[in-house]
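I have placed the structure first, in the form of structure tokens, so that the comments after it can refer back to it.
All of the numbers you see were taken from the coordinates with simple rules; none came from a lab. The structure displayed is predicted, hence computed values, not measured ones. Cβ: placed from backbone, ideal geometry, glycine included. Neighbour counts: every protein chain shown.
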Ligand code: NA
Ligand code: NA
């Protein structure tokens, strides 16, 4: 009974993780498009308009931060990051659960201080945490608060922690899929799609 | 131990900010407070170092003047073109008329304090790759590299155009014509090896180039009275060393000439023309209230 | 206490955790071990500012251009052009393989994309003509590293961002070394063709030259736009990358009618690949900050002077370290970990920043061909089914040739610096 409940909870968490991942993919794709648009517009404007716009460089750069941070969370869930021992990731059963716990521990050790200092500054003062400080600063050329751009950092790590929790709970309840979500055999950088048949 | 983050090579002849930082840390070390200099870039770029100062992780840093202006814009008054007659007038406004205190008022709650204003050399002029500039009209067909929006507007006010190029790409931009020139103090092209392609310089005395010496307010306000007195004395010694160094920087124009840069002086009429056109941009650099405060402070 | 960091790192690595997170977690533990945990407060700002970097902007865009090309049939058109050009020579398809990589290099910034695309298309064709599968795979892997040497180059963009070196100058400096590398590989292929009597294509088997060239023109325009735009100073590398994306999309539509779905996939993979690299940058920047706090760079500089290493000796040592690192580390990992630590000393000793950049980037891309972790070897063996270690052995002769080219680049800086100097992108 308890086992069934735990399994259902784990599946629920996995659905949350999957849904958030879809949103992150959408956001990342949008951010890449904004990059292309801003950088492309800069070329056109420099040669066609008398006064080139001043915001294109910054917009393109900030969009890259969003694309990259959201993309990092997507890559994490897909298992597309470079790994030295990919065989460990596809391990299942007891040993698989132990390894998954170790991996989760590593992610938490890295993410915890980042998230803590995103929210809290000296003396646990939230106004002086990373986000609080960004809130009171203005961007360079785009007249908005820096928090619109810096928020990408904590958001990505929160997403990653949710993905870790989902994956770990699947392992713990013996429901981890037989194969990892990642493409097989690509511990280097992700592999582009095949080109199709021989010419 | 006090960390002092540098923003330039450790060069006591060429770098005004290093003169300040070194005088400051030397004074502290001689008076019983341990201070250590960190090379430029070691603790991160300007933004990162500023952020570390606001959190009390780095005690003292040499930083661009405008870095605090994302918190409060009063300090931008020091970047008004053709506003101050020179360093003496700037010091007069800051210290005799209380502008430094007013600049710091809104900053302290963010954990940062401007301890001093540091000059990096004689006033900035106009460099370009193409032609001598003796008047505003000579600039009409140039595309000048701009640092920020305010500079773009300054160039527009001068009847020319600006384009924003990041510093790392400036040499390429100048060589390939993406930009034709820039505004900088005379020593800059010498320091960065740009004299090979920047063939013309007009000492237009646009403004005194300044950097800021910022300190962590958490650290400063947490000092004992005795230690704070020592730090204040170190700041004073550093300011004095920096102003004295400025007096030794007269030979830069000759060095430019030796490097093959043609120097074009402005006639008083031409200078007045630049001055007048520049005033149009004041409203975009500071707000009305801030401008009034600075005007009152230079009286 | 500081020993806890490498121990944890080893355990996490063995658990199959991605390298970026291993480095990140070890860095956090190292802060505690060094008694500097108060400075963990820099992490969020450090991560943000190391990613929010002008020089990095061309990277996602060039990745995207390559992704779109791969999906748009551009590669196949380039292969046919290479066949029409050099297919008749002895060892024809081997030359075609190298030549395709040169064309591909002018558009794509990564060796991995090249090795995947070519193993999928040209390797089967080579096999049909009577080459051994192993030889076909080996020359594919070996020539794929022309990709990041001829501009555009993701490795160089990364290097430029880390070392504050002009990406434009690096790009232009990579042209001659890239062509030299191609020439060396073609000579090696010619030698093997003679020794092992490799087939050459019969006249009727080759695509007709003129129609093939015409069909390839849109694809060839892309490197033209990128290089021309950068060399003539019309665009920054970032802008050129954006234009390349648009051009690749048009070329893709002209050749294969790219679907919206394919475009979406390309955008998604771009974000993921950039994200992987950014996470690595984030983790390494934490470690780098601790190093600066503990004055590690100064200690290394002192060690180098203390050991009495001159500029030449240090440059050689640096290359040996990087070759060894390339064997076990992924290119961006090795780059992010070692370059900020070791390269500044070489600069202080008077090395030219652009020359140093090309040498180190060239060196690190060789790591894609060296086991145990050779990125291109893994991909070629995955796609073609050749045994990984057999492939590694077959690549070895080519690797020797490439290390010889690296030697030339180290000893004769002019090979690298001549073109950017003539075009006015570096002084002297
Ligand atoms: Na390339
Ligand atoms: Na190839």
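The table for this structure:
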| quantity | calculated |
| --- | --- |
| Relative exposure of C:331, B:73, judged by other C-beta atoms within 10 Å (fewest first) | B:73, C:331 |
| Estimated inter-spin distance, residue B:10 and residue A:144, nm [label 7 Å along Cα→Cβ] | 4.3 |
| Inter-probe distance in nm under a simple model that places probes 7 Å from Cα toward Cβ, at residue C:302 and residue A:85 | 3.7 |
| Volume per residue that the Cα convex hull of segment C:36-422 spans, once the total is divided by residue count, Å³ | 138 |
| DSSP bridge orientation in chain B - percent antiparallel, rounded to nearest 5 | 60 |
| Burial ranking of peptide ranges B:25-36, C:360-371 (average Cβ count within 10 Å, highest at the top) | C:360-371, B:25-36 |
| Order by protection proxy (mean Cβ within 10 Å, highest first), peptides C:79-90, B:111-122 | B:111-122, C:79-90 |
| Chain C: most fluctuating residue of C:342, C:13, C:409 per GNM, C-alpha cutoff 10 Å | C:13 |
| Relative contact order (percent, whole number), segment A:1-176, Cα cutoff 8 Å, 6+ residue spacing | 30 |
| Extension gain, residue B:29 back to residue B:191 (0.36 nm per residue minus Cα-Cα distance, nm) | 55.4 nm |
| Using a Förster distance of 22 Å, the FRET efficiency for residue C:11-residue A:116 (Cβ separation, nearest 0.05) | 0.40 |
| Average partner coverage of B:176-187, which counts Cβ from other chains inside 10 Å | 2 |
| Residue order, fewest to most surrounding Cβ atoms within 10 angstrom, among C:376, C:221 | C:221, C:376 |
| Pairwise FRET efficiency - residue B:263 versus residue A:16, Cβ, R0 = 56 Å, nearest 0.05 | 0.25 |
| Burial order of peptide ranges A:58-64, C:295-301, B:205-211 (average beta-carbon count within 10 Å, highest first) | A:58-64, B:205-211, C:295-301 |
| Cα convex hull volume per residue for the protein assembly as shown (Å³) | 170 |
| Rounded, prolate or oblate (a/c below 1.5 giving rounded, otherwise prolate when a/b exceeds b/c) for chain B by Cα gyration tensor | prolate |
| Potential extension, residue B:140-residue B:240 segment - 0.36 nm per residue separation minus Cα distance | 31.9 nm |
| Residue mean of other protein chain beta carbons inside 10 Å, C:24-30 | 5 |
| GNM flexibility winner over chain B from B:68, B:248, B:161 (Cα, springs under 10 Å) | B:248 |
| Shielding score for A:122-130, defined as the mean number of other chain Cβ atoms within 10 Å | 4 |
| FRET efficiency, residue A:48 to residue A:1 (Cβ-Cβ, R0 60 Å, nearest 0.05) | 0.30 |
| For segment B:144-249: relative contact order, % (alpha-carbon pairs under 8 angstrom, 6 or more apart) | 17 |
| Chain A shape via C-alpha gyration tensor axes, a/c threshold 1.5 | oblate |
| Size-normalised alpha-carbon gyration radius of segment B:1-132, reference 2.2 N^0.38 Å | 1.13 |
| Selected from C:392, C:248, C:202 as most flexible by GNM, with chain C as the system and alpha-carbon contacts under 10 Å | C:202 |
| Stretch gain in nm, segment residue B:39-residue B:73, where the contour uses 0.36 nm per residue and the Cα spacing is subtracted | 9.4 nm |
| Share, in percent, of DSSP beta bridges within the protein assembly as shown that are antiparallel, nearest 5 | 65 |
| C-alpha long axis of helix C:388-411 to longest principal axis of chain C, angle in ° | 70 |
| Relative counts (whole %) of C-alpha pair distances in segment B:152-203, using bins that are 10 Å wide | 22, 57, 21 |
